[in-house]
Amino acid sequence: MTLNPFFELPNPNPLRCHVFSLDNVPCNTYYSVSPFAEKLRNVCWQLKSVGHEVFYYGYDVCDVECDEKIEVITEEILFESRPQAKRDRGYFNIKNEIDRSDGSIHLERLWTVNAGYEFRKRYKPGDFCFWMLPGCGQRHLYAETADLPVTHVEAGIGYNGGHLPYKVFESMYVRDFHYGVYHGNEFHINSNIPEESRKQFDNVHHYLYTQPDHNKAYHLDAVIPNSFDISLFDFKVNKGDNLLYLGRVLEGKGIKTAVDIAEEMKMKLIVAGPGDYEAETGKDKDSSEYVEVIGTVGPDKRRELLANARAILCLTYPCETFGNAAIEAMLSGTPPVTSNNGGFLETVRNGYNGFRVNCNDTKQAIKAIENLDKIDPYNLRDAGLRFSREQVALQYNAYLQYVDRFNKGNIS
């Protein structure tokens, strides 16, 4: 690939980088429903675009920018172990028992053994390793490599359980949430709580179980936003009349509120994404003339839906750690109407590149939709381009160079 157009010179300090795939989702556009797979694709591109050497360990069908793609597992084995993988394009309902079936465990173990074998043949002291979910399917391989003389980076944290020595959070919101829980756990572990009282805490599952090193944590972690391949989105000024819900169909993602808005405004709502619509809304998917449920979509249909929608509804009521769909909509010239919380506070300027409304406030959301004409689509596009992978790659490189200098004793 060519050098990143925003990076003026060849990298004066190219690093050796090992990137590990997910154990259960290949990284290519077919599996674009998986945000973690998309993050990994973009991480590889970003590292390569600024001149680093990239070794990628993953599926035979992975499509990533790298110097060497090491095939450690095949899509055929994935389909045998998890038959629903092809149908759902890499989405797995963690509430479903099939996700911890014998086939799933076999897949995880095979990936771990093969990736570990290939990595140990290639790594050198001082190399960087990038992990996306080291607390889930990648956990056994990380445990086997944690003590090697390499730098482990947990990339794109937007979930519970971040615990690697070097952490990249996808938003300031999720970073501050993690740090708050770290300190809470530290108090729980180190304080002189009476034994009987401590037992009450021990019954609580602590998802975020590590404590920060107060001398290092804050300047060796980073906040770097998710990035986007802008070639996957079409910018369009003239829109259709429908609203769009794009993502996992979950009550917590605001699907019920989105349906209520469509029915009250008598506007068509297209619901695109994996999940059980009827279970999450309590309504039959064919019961409303204003709602069309189309299920999981691939990248081409996603491009079309985002470009043509009047607005996208991202009304998550647990705090969204980043909110990818809102950025994808901006890149398409489509205004996002989002919740007034979490990562949206960092990406959406109310009234400029979208609207933020209170959680579950249907009236406020309707008012926002009635004022969509006040949003300039070119402002939307400009706001979305801040998150292009070309731009984010420079942030990643600056962070990695800082860590490398620290590890070599050049920064105290």
2 or more residues of a type in the set (A, V, I, L, M) and touching an Asp or Glu at 6+ places or on another chain (Cβ under 9 Å): qualifying helices (runs of 4 or more DSSP H) within segment 296-367: 299-308, 324-331
If you scan segment 388-399, which residues turn out to be of a type outside the set (Lys, Arg) and open to solvent by 10 Å² or more (accessible area, probe 1.4 Å)? Glu390, Gln391, Leu394, Gln395, Tyr396, Asn397, Ala398, Tyr399
Return the residue satisfying two criteria in turn: it lies in segment 31-85 and is small (Gly, Ala, Ser) and either open to solvent by 40 Å² or more (accessible area, probe 1.4 Å) or in contact with an Asp or Glu (Cβ under 8 Å, 6 or more places away or on another chain) (or both), and of such residues it is modelled with the lowest pLDDT. Ser32
Which of the numbered conditions does Glu328 fail, given that it passes all the others? Conditions: (1) surrounded by fewer than 20 Cβ atoms within 10 Å (Cβ to Cβ); (2) of a type in the set (Asp, Glu); (3) within 27 Å of Lys48 (Cα to Cα). (1)
Hey, among Leu345, Leu315, which residue is in contact (Cβ under 8 Å) with a residue 40 or more places away in the chain, surrounded by 23 or more Cβ atoms within 10 Å (Cβ to Cβ) and out of contact with any Pro (no Cβ under 9 Å at 6 or more places or on another chain)? Leu315
Reported set for segment 400-412 where residues are part of a helix (DSSP H, G or I) and either touching an Asp or Glu at 6+ places or on another chain (Cβ under 9 Å) or open to solvent by 60 Å² or more (accessible area, probe 1.4 Å) (or both) is Tyr402, Arg405, Asn407
Between residues in segment 325-337 that are within 25 Å of Lys363 (Cβ to Cβ) and residues that are of a type in the set (A, V, I, L, M, F, W, C) and modelled with pLDDT under 95, which pairs lie under 6 Å by C-beta distance while being six or more apart or on different chains? none
Looking for something at pLDDT 55 or above, aromatic (Phe, Trp, Tyr), under 24 Å from Glu320 (Cβ atoms) and surrounded by 12 or more Cβ atoms within 10 Å (Cβ to Cβ) - is there at least one such residue anywhere in segment 191-213? no
Please tell me if Ala325 is out of contact with any Phe, Trp or Tyr (no Cβ under 8 Å at 6 or more places or on another chain) and farther than 27 Å from Pro5 by Cα. no
Which condition does Asn28 not pass, out of (1) in contact (Cβ under 8 Å) with a residue 60 or more places away in the chain; (2) surrounded by fewer than 21 Cβ atoms within 10 Å (Cβ to Cβ); (3) among the polar types (S, T, N, Q), if it passes all the others? (1)
Quick one: how many residues across segment 104-138 are assigned to a helix (DSSP H, G or I) and either open to solvent by 40 Å² or more (accessible area, probe 1.4 Å) or farther than 24 Å from Tyr399 by Cα (or both)? 18
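How many residues, within segment 139-171, are among the small types (Gly, Ala, Ser), free of Cβ contacts under 8 Å to residues at least 60 places away in the same chain and buried (at least 17 other Cβ atoms within 10 Å of the Cβ)?
Selection size over segment 139-171: 2.
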Modelled with pLDDT under 90, within 30 Å of Tyr399 (Cα to Cα) and among the aliphatic types (A, V, I, L, M): is that true of Leu148 in this structure? no
For Gly342, indicate whether it is in contact with a Cys (Cβ under 7 Å, 6 or more places away or on another chain) and at positive phi. yes
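The values are calculated or read from the model by the stated rules, or taken from the named source; none is laboratory data. Computed from a predicted structure; not experimentally measured. Glycine gets a Cβ as well: all are built from the backbone with ideal geometry, and neighbour counts include every protein chain shown. Remember, those area values only see protein heavy atoms, side chains included, never the ligands or the DNA or RNA. Shrake-Rupley method; radii C 1.70, N 1.55, O 1.52, S 1.80 Å.
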